[in-house]
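One structure below.
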Amino acid sequence: MRKALRWLLALTVLIGTLSTAGAATAAEPEPTDIKDRLLSIPGMSLIQEKPYPGYRYFVLNYTQPVDHRHPSAGTFQQRITVLHKDASRPTVFYTGGYNVSTTPSRREPTQIVDGNQVSMEYRYFTPSRPAPADWSKLDIWQAASDQHRIFKALKKIYSKNWISTGGSKGGMTATYYERFYPHDMDGVVAYVAPNDVVNDEDSAYDRFFASVGTKECRDRLNAVQREALVRREPLEKKYEAYAAENGYTFTTIGSLDRAYEAVVLDYVWGFWQYSLLSDCDTIPANATTATDDEIWTSIDTISGFSFYTDQGLEPYTPYYYQAGTQLGAPTINFPHIEKKYIRYGYQPPRNFVPRDISMRFQPWAMRDVDTWVKHNARHMLFVYGQNDPWGAERFRLGKGAKDSYVFTAPGLNHGANVAGLTTDEKALATARILDWAGVSSTAVAQAKPLAKFDSKLDVRDVEREPALRP
């Protein structure tokens, strides 16, 4: 009996000790330093912190499910970055749709709202790739779900309004995220986002190339492109030597000849995507009298002869996989080039993805997004460049859209932004972004960016991506 009483007393003391410990743990204060707050999120780990005046900048890993429908089926580490200004400020959620930069930078909406910025590396772009990679889990819904989980985790810290943004494939990504999780963001700013609704109907691109810029510029570009195919034999010898010197191979695309033609056929598209009309002066004025080196240099400068090598294609495997399974890819005709000079034409994304990765196109994916945007867009802004080929097939708004806009920046290319819009549209776009971000009504009325331009932080780089293929 005495033993039983002693045991009961000991148990009571133990329970009291545990209760006291639990109470002490519960009483511990929440972390206040932003790094500690970020790292207190389950699944978040620090890769690196980099200094930048006026901000805290973190490169982080966040544990994500490979398959959001079956979270127990495995995880991978997804890189994100956080440009922290103040938890009381709005937050911009940025993705370029490819790898994430680990250099501190601020996208245009972040400057406009003077806020924080969270940037996400798109799944399956290394190092944010599951191992082994189940490529069937690379789709727009899974990627949108990555963003959704990141948003939910960080919203506890950044409780003010959020705006998603991105350029090119990143603009597409921001749009798809809104389609699948329309209640997360308070606004969307999608730059130069292609919208290939019907993959096999691409006449809009042919109309674009027949009228873009000036006839003089179009004629110069067309002539150089044609001449590069006329001189295929000597220029391919130069290409062969170039590849040997750099250790380039052509297993994925199939041959040096296929790669050569793909680079040349990218030339006109690439010029308008990344250059301005004023850059036409850099194009050889008379292609037929230009030297082989002049033709080579012009093509290489704009298209890049290294791109369709195995080494150039490998980083873009996730992109071409998506182009060939959901996103679609444009094709164009070349009326200025005789058929005898074109052997392959625009090649399909399948040709740019290793053959051991299976692919099947889903024609309903883009139709679904397009229909949703037309009828359900809320607080969405699409910005395109007048001379950007990707704007030939763009997002458009229907009667169901509310407080949403599609603007075109005169004379601009794939780097079009709000700053390049006409005066009235720039003011309207800026005011709407500020309003969606929940800043003061005074700031909205002034319709000017709240943060001063920073020449290092606000570099307006063009969103570079390879030309899509059918």
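For the range 69-218, what is the percent of antiparallel DSSP beta bridges, rounded to the nearest 5? Working shown, then result.
Values: 4 of 17 bridges.
Of the beta bridges lying entirely in the range 69-218, close to 25 percent run antiparallel.
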Across 20 Å bins beginning at 0, the whole-percent shares of Cα-Cα pair distances in the chain come to 22, 50, 21, 5, 2, 0
Descending semi-axes in Å of the range 117-257, equivalent ellipsoid built from Cα gyration tensor: 40, 24, 14
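With the convex hull built on the Cα atoms of the range 122-172, state its orientation-averaged projected area in nm².
4.4
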Listed residue (N246, F361, Y55) projecting farthest to the positive dipole end of the chain, Cβ model: Y55
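Quick check for you: with a 1.4 Å probe and neighbouring chains kept, what is the accessible area per residue of the chain, in Å²? Mind showing how you got there, number by number?
Values: 20870 Å² over 470 residues.
For the chain, the per-residue accessible area is 44 Å².
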Sites S136 and K237 - FRET efficiency at Förster radius 35 Å, r taken between beta-carbons, to 0.05: 0.25
Would you mind checking the tilt of helix 140-155 against the longest principal axis of the Cα atoms of the chain, expressed as 0 to 90 degrees and rounded to 10? 40
Treat every Asp and Glu Cβ in the range 134-184 as -1 and every Lys and Arg Cβ as +1, leave all other atoms uncharged, and give the resulting dipole magnitude about the Cα centre to the nearest 20 debye. 260
Just to check I understand the Karplus step: with θ = phi - 60° and J = 6.51 cos²θ - 1.76 cosθ + 1.60, what whole-Hz values come out for the range 101-118, glycine and proline as x? 6, 9, 9, x, 8, 10, 7, 4, x, 5, 5, 4, 8, 6, x, 7, 9, 10
Of all accessible surface on the chain at a 1.4 Å probe, what whole percent is carbon and sulfur? 53
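Sort the range 184-299 into rounded, prolate or oblate with this rule: let a ≥ b ≥ c be the square roots of the eigenvalues of the Cα gyration tensor; rounded if a/c is under 1.5, and if a/c is not under 1.5, prolate when a/b is larger than b/c, oblate otherwise.
On the way: a/c = 2.10, a/b = 1.37, b/c = 1.54.
Oblate.
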Rounded to two decimals, the Rg over Rh value of the range 311-470 from Cα coordinates and the Kirkwood Rh reads 1.04
Can you order the peptides 333-344, 253-264 by their average number of other Cβ atoms within 10 Å per residue, highest first? 253-264, 333-344
Under the Karplus relation 6.51 cos²θ - 1.76 cosθ + 1.60, θ = phi - 60°, what is the ordered set of whole-Hz ³J(HN,Hα) values for the range 343-353, x standing for Gly and Pro? 9, 10, x, 5, 8, x, x, 3, 6, 10, 10
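Sorting check: for 350-360, 104-114, which peptide has the highest mean count of neighbouring beta carbons within 10 Å, and how do the rest follow?
Working: 350-360: 15.2, 104-114: 24.5.
Listed from highest to lowest mean packing, they are 104-114, 350-360.
Are any of the pairs K85/K452; K160/K448; K156/K402; K237/K340; K155/K456 more than 24 Å apart by Cα-Cα distance, and if so, which?
Violating the 24 Å Cα-Cα cut-off are K156/K402; K155/K456.
For the range 286-351, what is the per residue volume of the convex hull drawn over the alpha-carbon atoms, in cubic angstrom? Present the calculation step by step, with values, prior to reporting the outcome.
Numbers: hull volume 8.0 nm³, N = 66.
Residue-normalised Cα hull volume stands at 121 Å³.
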From zero up to wherever the largest Cα-Cα distance of the range 232-285 sits, split into 10 Å bins and tell me the percent of pairs in each. 20, 41, 30, 9
In debye to the nearest 20, the charge dipole size for the chain, taken about the Cα centre with +1 at each Lys and Arg Cβ and -1 at each Asp and Glu Cβ, equals 1960
On a 0 to 90° scale, report how tilted helix 215-230 is relative to the longest principal axis of the chain, with both axes built from alpha carbons and the result rounded to the nearest 10. 80
In a shell of Cβ-Cβ distance under 13 Å around W372, excluding W372 itself, what net charge do Lys and Arg (+1) and Asp and Glu (-1) give? +2
Ordered by packing density, taken as the mean number of other Cβ atoms within 10 Å over each peptide's residues, highest first, how do 43-56, 296-309 rank? 296-309, 43-56
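How high is the relative contact order of the chain, given as a whole-number percent (alpha carbon pairs under 8 Å, six or more residues apart)? Walk me through the numbers on the way to the answer.
On the way: 849 pairs, mean separation 78.8, N = 470.
Averaging sequence separation for qualifying contacts and normalising by length gives 17 percent for the chain.
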Please turn the phi angles of the range 291-301 into ³J(HN,Hα) values with the Karplus equation 6.51 cos²θ - 1.76 cosθ + 1.60 (θ = phi - 60°), one per residue in order, whole Hz, x for glycine and proline. 6, 4, 5, 5, 5, 4, 4, 5, 5, 5, 4
Cα-based convex hull, the range 236-345, per residue volume (Å³, whole number): 130
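The values are calculated or read from the model by the stated rules, or taken from the named source; none is laboratory data. Predicted, not measured: the structure shown is a model, and the values here were computed from it. Using ideal geometry, Cβ is built from the backbone for each residue, glycine included, and neighbour counts are taken over all protein chains shown. To get the accessible areas, we keep the full protein, side chains included, count just its heavy atoms, and leave off ligands, DNA and RNA. Shrake-Rupley method; radii C 1.70, N 1.55, O 1.52, S 1.80 Å.
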